[in-house]
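Note sheet for the following structure.
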Amino acid sequence: MVEQTTSSSEKQDKKNASKPEKVPLAGITVKKADNISEWYTQVLQKAELIDYSLVSGCYVLRPRLYAMWEKVQQLFDVEIKRKGVQNAYFPMLIPESLLNKEAHHVNGFSPEVAWVTQGGNSPLPERLAIRPTSETIMYESFAKWIRSHRDLPLKLNQWCNVVRWEFKHPTPLLRSREFLWQEGHTAHATHEEAAQMALDMLNVYAQLLEDVYALPILRGKKSQGETFAGAIYSLSCETFFPSGKGIQICTSHHLGTNFSKAFDIGYLNDKGNHMPVHQTSWGISTRSLGILVLFHGDDKGLVLPPKIAPTQIVIVPIYFAEVDKKRVMSAAVKIRKSLETDFSVILDDREEYTPGWKYNDWEMKGACMRIEIGPKDIANEQVMICRRDVGKKEAVPIAKVKEHVGSQLRQMQKDMLTHATERLVAATVEVTTNEELLKALAEKKLIKTAWCALPECEAALKEKTDGAKSMNIPFEQPEKLLSSCTLCGKTATVVAYVAKAY
């Protein structure tokens with residue numbers, strides 16, 4: 001799926017770089033199962049989520065998508081502030097000498113760094129990296145701010161953009177060269193406190209992804225080969241698409257003292273000894289919104305969970321004679337006013353389009369619920385309501401619309417997670433032999449299997465299977481492993497999830 005998607009997106013990037021074109025107002029013209037690459041590209045554009053810029057890999061986030069990101073910001077901010085985290089902002093330009101302070105970290109990011117080498121007409125005395133991540137620029141300040149144990153813990157987060165020039169074929173949202181994210185960074189007196197913080201933040205992400213995105217989540221620890229550059233270990237939330245590929249959604253890292261020693265971030269303990277701090281970093285990005293689109297969407301377009309949808313309800317007035325217009329519009333306005341204090345509602349009064357065209361348009365854009373009202377409905381003191389995920393209409397008395405809408409949106413949120421989880425479970429298989437593993441990969445399954453967790457074994461797996469790798473190692477492990485490593489036959493140390501991946 002990656003190859004198809006990136007290829008399609010790259011073509012679109014090149015097309016728009018030479019001559020930006022308007023996307024015609026039409027429905028999705030390809031089935032998701034037939035060509036998920038083209039389906040994804042069409043949905044992003046026709047549902048008015050992104051637009052292409054003149055720089056390949058850098059995309060315009062249109063208001064409908066940005067509204068979703070704003071909801072993520074609002075909900076996440078509440079949770080991190082409960083944990084004592086404060087928001088701040090640090091510069092996006094990082095001197096090369098600062099980036100080089102932690103050797104393993106810079107080696108991990110060097111292939112994807114974009115550099116500023118000139119200011120105006122004058123060459124700069126030192127190259128400036130455009131922020132690929134902010135450990136180095138933030139930790140220079142941490143070293144100045146932390147002096148004693150009374151300055152700990154220090155917990156900061158910033159909402160910002162990031163540039164990573166790591167790939168040749170960008171994919172909107174999933175593999176953008178510039179993207180938006182939050183990155184949290186904390187400093188603690190002990191290893192144990194930092195470990196608890198890293199785990200707590202992973203659980204905050206998991207709750208956000210399950211309760212808001214309605215995504216089934218695999219929580220666990222990344223393999224050594226997949227660990228963040230500079231961390232002692234990384235935790236992640238992953239999911240698996242029905243199309244047969246896994247994807248990492250967010251990460252939380254225990255950095256240990258690797259950065260604190262490099263940047264001299266230390267404190268005097270209560271005995272007067274100078275000690276290095278123990279650190280964490282954690283983040284989620286607009287990539288998660290691309291995952292949301294891909295996971296829940298159908299042949300009609302977007303299907304969005306109510307908690308994140310920019311438009312929860314659309315009201316479509318139906319009239320064909322001018323004599324009915326005033327009555328229908330008056331009733332529609334009253335319904336909108338009764339709902340708009342608690343829900344995001346749009347009254348679609350565009351006269352140039354038919355009601356049927358509007359139904360299709362809002363289904364494509366992912367409105368969670370449609371309310372239809374016409375002259376016969378008014379006479380019967382009812383409206384017709386259709387939920388986007390099930391597509392079934394039902395008559396609801398006008399007096400009970402608000403109660404019904406609230407109940408059904410809550411049910412839709414629950415149903416989407418339930419059905420998504422069922423699909424994940426159905427796609428998961430346990431294997432004990434290499435032959436079973438290769439067969440499961442060919443069948444586009446999520447694999448759970450015994451593994452040695454050695455980097456050389458994972459490297460061989462990627463080469464042998466054209467991209468399959470470990471996703472993560474679940475926290476809950478069996479007391480005894482029943483087989484040797486399925487991949488190489490050596491002694492197994494863990495059970496892990498394995499899949500083809502983005």
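Here the chain is treated as a sphere whose radius is the Kirkwood value from Cα pairs; by Stokes-Einstein at 37 °C and 0.692 mPa s it diffuses with a coefficient of 131 µm²/s. Under conditions of 37 °C and 0.692 mPa s, the stretch 313-409 yields 246 µm² s⁻¹ as its translational diffusion coefficient, taking Rh as the Kirkwood radius over Cα pairs in the Stokes-Einstein equation. Electrostatic tally near LYS144: other residues with Cβ closer than 13 Å to its Cβ, Lys and Arg +1, Asp and Glu -1, net -2.
Sequence gap at least 6, Cα distance under 8 Å: using those rules, report the relative contact order of the stretch 59-296 to the nearest whole percent.
Relative CO of the stretch 59-296 lands at 21 percent.
Note on THR354 and GLU166: the extension gain reaches 63.1 nm, defined as 0.36 nm multiplied by sequence separation minus the Cα-Cα distance.
What pairs in LYS32/LYS326; LYS46/LYS393; LYS221/LYS464; LYS32/LYS334; LYS83/LYS221 have C-alpha atoms more than 29 Å from each other?
Values: LYS32/LYS326 41 Å; LYS46/LYS393 25 Å; LYS221/LYS464 23 Å; LYS32/LYS334 38 Å; LYS83/LYS221 22 Å.
LYS32/LYS326; LYS32/LYS334, as the Cα separations exceed 29 Å there.
Against the chain, whose longest principal axis is taken from its Cα atoms, helix 191-211 shows a tilt of about 20°.
Taking the C-alpha atoms only, the angle from helix 135-145 to the longest principal axis of the chain is near 70 degrees. For the pair ARG327 and THR418, the difference between a 0.36 nm per residue extended length and the Cα-Cα distance amounts to 28.7 nm. Contact order, relative form, for the stretch 430-500: 44 percent (alpha carbon pairs under 8 Å, 6 or more residues apart, mean separation divided by residue count). Counting neighbouring beta carbons within 10 Å and listing from fewest to most, the residues LYS32, LYS83, LYS144, LYS480 come out as LYS480, LYS144, LYS83, LYS32.
With contributions of -39500 (n - 2.57) from each DSSP H run of at least four residues, the per-residue ellipticity at 222 nm computed over the chain stands at -12000 deg cm²/dmol.
First select every other residue whose beta carbon is under 13 angstrom from the beta carbon of GLU463; then total the charges, Lys and Arg +1, Asp and Glu -1. Can you show the working numbers first?
Values: positive: LYS462, LYS464, LYS469; negative: GLU456, GLU458, ASP466.
Taking every other residue near GLU463 into account, the sum is 0.
Applying 1/(1 + (r/R0)^6) with R0 = 25 Å to the Cβ-Cβ distance of SER407 and GLU340 gives a FRET efficiency near 0.90.
Hey, if you drop one equal point scatterer on each alpha-carbon of the stretch 430-500 and run the Debye formula without solvent, what base-10 log of I(q)/I(0) do you get at q = 0.15, 0.22 Å⁻¹? Taking Cα atoms of the stretch 430-500 as identical point scatterers yields -0.40, -0.89.
Helix 322-339 and the longest principal axis of the C-alpha atoms of the chain enclose an angle of approximately 30°. In terms of the mean number of neighbouring beta-carbon atoms within 10 Å, the peptides 398-408, 237-247, 285-295 order highest first as 285-295, 237-247, 398-408.
Sorting the segments 350-358, 59-67 by their mean number of nearby beta carbons within 10 angstrom, highest to lowest, gives 59-67, 350-358.
Each of the peptides 161-172, 433-444 was scored by the mean count of other Cβ atoms within 10 Å over its residues; in descending order, highest first, they stand as 161-172, 433-444. When the alpha carbon coordinates of the stretch 59-296 are projected onto the principal axes, the ranges are 56, 48, 33 Å, largest first.
Counting Lys +1, Arg +1, Asp -1, Glu -1, what net charge surrounds ASN380 among other residues with beta carbon under 15 Å of its beta carbon?
On the way: positive: ARG327, LYS376, LYS393, LYS400; negative: ASP324, GLU372, ASP377, GLU381, GLU394.
Surrounding charge for ASN380 is -1.
The mean sequence distance of close C-alpha pairs (under 8 Å, at least 6 residues apart), as a share of the length of the chain, puts its relative contact order at 14 percent.
We did not get these values from a lab; they are worked out from the coordinates using the rules stated. Remember, predicted model here, so these are calculated numbers, not experimental data. Ideal geometry is used to build each Cβ from the backbone, glycine not excepted, and the neighbour counts take in all protein chains shown.
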